[in-house]
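Presented below is the structure to which this report refers.
The values are calculated or read from the model by the stated rules, or taken from the named source; none is laboratory data. The model shown is predicted, which means the values in this text are computed figures rather than measured ones. Here the Cβ positions follow ideal geometry from the backbone for every residue, glycine too, while neighbour counts run over all protein chains shown. Surface accessibility is based on the protein's heavy atoms, side chains included, excluding ligands, DNA and RNA. Shrake-Rupley method; radii C 1.70, N 1.55, O 1.52, S 1.80 Å.
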Amino acid sequence: MVKRGIIIGRFQPPHRGHVEVFKQILREVDELIVVVGSAQESHTLENPFTAGERVLMISKALAEARVDLSRVHIIPIPDVNNNAIWVSHVTSLSPPFEIVYSGNPLVRRLFKEAGFETKTPPMFKRKEYWGTEIRDRMIRGKRWEELVPEAVLEVMREIKAVERLKDLSKTDYLLR
Ligand code: ATP
Ligand code: MG
């Protein structure tokens, strides 16, 4: 039987830490499901990129890392904003899986209660490989490029990501 693991994130944007953890999980399972969560969100400071842009960045980053893409399924899933039904929402949209990888205690709790095996994956250079830090550096004009894979950087350039983030950080409040 094919053993599948799942990891859920917003990937705003995917960074080098994500790629490391994907590779790590693929040593333990036959196939990996990467859920692009909060799929309905885009064009906000917390969630600047669309689900499609995030899928593109993840698949190109995996190809660059020479990961066999036939072993990875990348699926966007929107929020339901209801913890009690969230696991069935995810399973209704995902390929079947047995092991849930998450650093988030609430995610682990919800899947554990539903009978899934859960594991806490290791963190890689978390102070830098961290979405919030990357978005912050992009807005402030600081160096962020080395925190994401080259392939992600290429997509970011294509979609003019820095320009989008800087625009999103502006306000129409009257400055006094
Ligand atoms: P944000 O600050 O926007 O939440 P993030 O870096 O935490 O960004 P997520 O999309 O929340 O990115 O990450 C999804 C999952 O990927 C996390 O729950 C965690 O399990 C894993 N992850 C995130 N950063 C790292 C990292 N540096 N090393 C290993 N795994 C990571
Ligand atoms: Mg996070």
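Laid out as a table, the results:
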read-out: Near pairs, Cβ below 7 angstrom, 6+ apart or cross-chain, from region 37-65 (touching a residue at least 40 places away in the same chain (Cβ under 8 Å)) to any residue that is of a type in the set (K, R) and assigned to a loop (DSSP other than H, G, I, E, B); value: G37/R10; S38/R10
read-out: Only one of I85, I77 that is at pLDDT 95 or above and open to solvent by less than 30 Å² (accessible area, probe 1.4 Å); value: I77
read-out: Condition met for R16 (closer than 20 Å to E128 by Cβ, touching a helix residue (DSSP H, G or I) at 6+ places or on another chain (Cβ under 7 Å) and open to solvent by 70 Å² or more (accessible area, probe 1.4 Å)); value: yes
read-out: Region 103-121, subset within 9 Å of ligand 1 (Cβ to nearest atom) and open to solvent by 40 Å² or more (accessible area, probe 1.4 Å), residue farthest from the chain's Cα centre (by Cα); value: T120
read-out: Single residue of V152, V100 found to be assigned to a strand (DSSP E or B), modelled with pLDDT of 95 or more, within 23 Å of V55 (Cβ to Cβ) and within 13 Å of ligand 1 (Cβ to nearest atom); value: V100
read-out: Scope region 127-141; condition more than 6 Å from ligand 1 (Cβ to nearest atom) and assigned to a loop (DSSP other than H, G, I, E, B); matching residues; value: K127, E128, G141
read-out: Residue within region 45-66 that is open to solvent by less than 60 Å² (accessible area, probe 1.4 Å), farther than 19 Å from V152 by Cα and charged (D, E, K, R) present; value: no
read-out: Selection from region 81-102 of residues that are aliphatic (A, V, I, L, M) and more than 17 Å from the chain's Cα centre (by Cα); value: A84, I85, V87, I99
read-out: Residue list for region 122-136, filter: surrounded by 17 or more Cβ atoms within 10 Å (Cβ to Cβ) and of a type outside the set (A, V, I, L, M, F, W, C); value: Y129, G131, R135
read-out: First in region 117-141 and modelled with pLDDT of 95 or more, second anywhere and of a type in the set (D, E) and within 9 Å of ligand 1 (Cβ to nearest atom), Cβ under 7 Å, 6 or more apart; value: F124/E20
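For (1) modelled with pLDDT under 95; (2) in a helix (DSSP H, G or I), each residue gets a yes or a no:
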| residue | (1), (2) |
| --- | --- |
| M1 | yes, no |
| I25 | no, yes |
| V29 | no, no |
| V35 | no, no |
| A39 | no, no |
| R54 | no, yes |
| S70 | no, yes |
| V90 | no, yes |
| R109 | no, yes |
